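The values are calculated or read from the model by the stated rules, or taken from the named source; none is laboratory data. Only a predicted model underlies this, so the values are computations on that prediction, with no experimental measurement involved. With ideal geometry, Cβ positions are generated from the backbone for all residues, glycine too; neighbour counts draw on all protein chains shown.
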Amino acid sequence: MPIQNDPKFPGVGVRINQGGNETGNVTGTGNVTSTNQVTEVRPLSQAGAVGQVNMLEIPEAQKAAVKELKNVIKQGKLNAYYDAAIGYGQPTVDKELQAKALALFSALPAINPAAGADSFVASGLWTTAPRNIELLESVARYIPGRQVMVKTTIDPNIDGPRSAFLAYKEGGTTAVTYRAVLVGEEGDKFLVKVDGKNEPLKVPKTDIYALNQPVDLETCRKVRTQYGTGYVVSDWWQNVADYNSPLMKAKVAEAAIKMEDLVAKLDFTKPKVETAGGAIGALFGRGRSGEKMVEVQKQCLQIIHDVIDMKYPSGTPEQLSARGRKHHTDCGQAAVRGIGMCREQASVMFAMLQPFTKALGFDTQFIDGTCYRDVPRGGQPHFGGSDHGWVHVQYRPSTELYIIDRTWGQVNVSADSAYGGRMGDRHPGQLENFASNAKLKPNDVMMDGSISVENHTTQFSEQNLSRAATHVSQTQWNNEH
């Protein structure tokens, strides 16, 4: 289902249905239908935040639906509800259960990317928000010690010493490397320490932002769906994320409910959370009492990954169809017994992460890259390839960088493991360009040395928060950038 930009109307997105099994209506048999027509022509500038509502004013019916969903999960019946909703694996559809499931999923609140932690609490999905989560918007993304992706000349010898591969090399191959950290700034340039070179590189800040800023979902193309407006989260397969669709609402709610106990541990003013042994145990790091907060964040994202039920399309179409799985461009439907290759699964993973970014504290990017597996022994990888897709996650405030690759069954894999050679088997060539990077905020850069990766939690002190907030006005920042 291509989405075209009409040259007569700059900034207008046009979605054209071409027939077939595309995003459309959920029918009584769980099938997806469409018609050959233009389903939306609208100025993207007028689209606004998709499905955005005041989540602090949750209707009682939606709260009741959340309670019912919690009961369904507790009773172990959720998969049966999903199967009935889509008509999966049944010679005949249980119409009564299907109607009940679709009614429940439709009644759930739509938690969209504009939502924060208070939305999950107000709807009854969580009993409490992460403590001090509201402070996260006031802290810096670019601080000394942060690992960044940077393009420079690197050692391309994948079969040489691991310590040399992708490290800086004078006159080497130009490629993106993860082996770099910020150490300072000089005017409009960052000072970047890259493995293999003693002196920091002076890299234009705009180049660092281009590779490291999170994606702003509101800048991607939007299309009309049966339930409202959806985001196009992949230029490859035109996958659409509609947070008002029943199955997307159900999957987001399922993930939120299953991480509720973990969320209660989070405190954004502490590098470690107290999970056992109380304050004394945490002070001395005994047992589980010294659990790093980022580890709890990672466990939450593991849950989001695990609620997605997609398989790679191995086997013949007939074999896949016999198992009841189908290919869908709609991310909510794809997450329920779906089929998808790497970018399709990455699209669904990326879409499912977005409602949680503000609530759990992490940034996301959709990466388009290549694999090393076909490089002959002694050969040089092609760093500009485009045959694989996955998701970057940078946790805040720790700035730790990980990847999630559903088709390879990998969650929270460190950049070093993901990119460090043949065992990692991938290279982050570029960002998928379906959306723009988020605009820089005045407090995103704090390179004066008072804050670093080693002491990032001091960003939450009253002194530093005040200084960050008044460092430069938003108007001045916009004018200068």
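Of (1) out of contact with any Leu (no Cβ under 9 Å at 6 or more places or on another chain); (2) at pLDDT 90 or above; (3) at negative phi, Tyr402 satisfies all except one. Which? Here Tyr402 meets the rest and fails (1).
Going by the structure shown, is Glu170 more than 12 Å from Gly420 (Cα to Cα), acidic (Asp, Glu) and assigned to a strand (DSSP E or B)?
Numbers: more than 12 Å from Gly420 (Cα to Cα): yes; acidic (Asp, Glu): yes; assigned to a strand (DSSP E or B): no.
Against the criterion (more than 12 Å from Gly420 (Cα to Cα), acidic (Asp, Glu) and assigned to a strand (DSSP E or B)), Glu170 does not qualify.
In contact with a strand residue (DSSP E or B) (Cβ under 7 Å, 6 or more places away or on another chain) and among the hydroxyl-bearing types (Ser, Thr, Tyr), is that true of Thr357?
Numbers: in contact with a strand residue (DSSP E or B) (Cβ under 7 Å, 6 or more places away or on another chain): yes; among the hydroxyl-bearing types (Ser, Thr, Tyr): yes.
The answer is yes for Thr357.
Counting only helices (runs of 4 or more DSSP H) that sit completely within region 318-417, those holding 2 or more residues that are of a type in the set (Gly, Ala, Ser) and crowded, with 24+ Cβ neighbours inside 10 Å correspond to 331-334, 342-353. Considering only region 220-239, state which residues are of a type in the set (Val, Ile, Thr) and touching a Phe, Trp or Tyr at 6+ places or on another chain (Cβ under 7 Å). If the condition is that a residue be of a type in the set (Val, Ile, Thr) and touching a Phe, Trp or Tyr at 6+ places or on another chain (Cβ under 7 Å), then Val232, Val233 are the ones that fit.
Condition check: crowded, with 22+ Cβ neighbours inside 10 Å and assigned to a loop (DSSP other than H, G, I, E, B). Does Phe165 satisfy that? Outline the logic, then answer.
Numbers: crowded, with 22+ Cβ neighbours inside 10 Å: yes; assigned to a loop (DSSP other than H, G, I, E, B): yes.
When the stated conditions are applied, Phe165 passes them.
The set of residues in region 84-118 that are of a type in the set (Val, Ile, Thr) and either out of contact with any helix residue (DSSP H, G or I) (no Cβ under 6 Å at 6 or more places or on another chain) or assigned to a helix (DSSP H, G or I) (or both) comprises Ile86, Thr92, Val93. Remark: pairs (first residue in region 106-117, under 16 Å from Pro59 (Cα atoms); second residue of a type in the set (Lys, Arg) and modelled with pLDDT of 90 or more; Cβ separation under 6 Å; 6+ apart in sequence or on different chains) = Leu108/Lys249; Ala110/Lys249. If you go through region 168-197 and keep only what is surrounded by 21 or more Cβ atoms within 10 Å (Cβ to Cβ) and acidic (Asp, Glu), you end up with nothing.
Pairing each residue of region 398-424 that is within 26 Å of Asn455 (Cα to Cα) with any residue that is of a type in the set (Phe, Trp, Tyr) and assigned to a loop (DSSP other than H, G, I, E, B), provided the two are 6+ apart or on different chains, yields C-beta distances under 7 Å for Ala415/Tyr178. Just checking, does region 284-303 include any residue being at pLDDT 95 or above and either more than 22 Å from Arg131 (Cβ to Cβ) or in contact with a Gly (Cβ under 9 Å, 6 or more places away or on another chain) (or both)? Yes; the residues of region 284-303 include at least one that is at pLDDT 95 or above and either more than 22 Å from Arg131 (Cβ to Cβ) or in contact with a Gly (Cβ under 9 Å, 6 or more places away or on another chain) (or both).
Evaluating Gly429 against the criteria (1) out of contact with any helix residue (DSSP H, G or I) (no Cβ under 9 Å at 6 or more places or on another chain); (2) part of a loop (DSSP other than H, G, I, E, B) leaves one unmet condition, (2).
I'd like to know if region 328-347 contains one or more residues that are among the acidic types (Asp, Glu) and touching a Phe, Trp or Tyr at 6+ places or on another chain (Cβ under 6 Å). Lay out the reasoning, then the answer.
Initial filter on region 328-347 (among the acidic types (Asp, Glu)): 330, 344.
Narrowing the set further to residues that are touching a Phe, Trp or Tyr at 6+ places or on another chain (Cβ under 6 Å) leaves 344.
Yes, some residue in region 328-347 is among the acidic types (Asp, Glu) and touching a Phe, Trp or Tyr at 6+ places or on another chain (Cβ under 6 Å).
Within region 205-215, none of the residues are among the hydrophobic types (A, V, I, L, M, F, W, C), more than 20 Å from the chain's Cα centre (by Cα) and over 20 Å from Gln333 (Cα atoms). Of the residues making up region 180-218, just one is part of a loop (DSSP other than H, G, I, E, B), touching a Leu at 6+ places or on another chain (Cβ under 8 Å) and in contact (Cβ under 8 Å) with a residue 60 or more places away in the chain, namely Gln213.
Scanning region 228-272 for residues that are β-branched (Val, Ile, Thr) and surrounded by fewer than 24 Cβ atoms within 10 Å (Cβ to Cβ) gives Thr229, Val232, Ile257, Thr269. Only one of the listed residues (Ala115, Ala84, Ala122, Ala80) is buried (at least 19 other Cβ atoms within 10 Å of the Cβ), over 19 Å from Tyr243 (Cα atoms) and aliphatic (A, V, I, L, M). That residue is Ala84.
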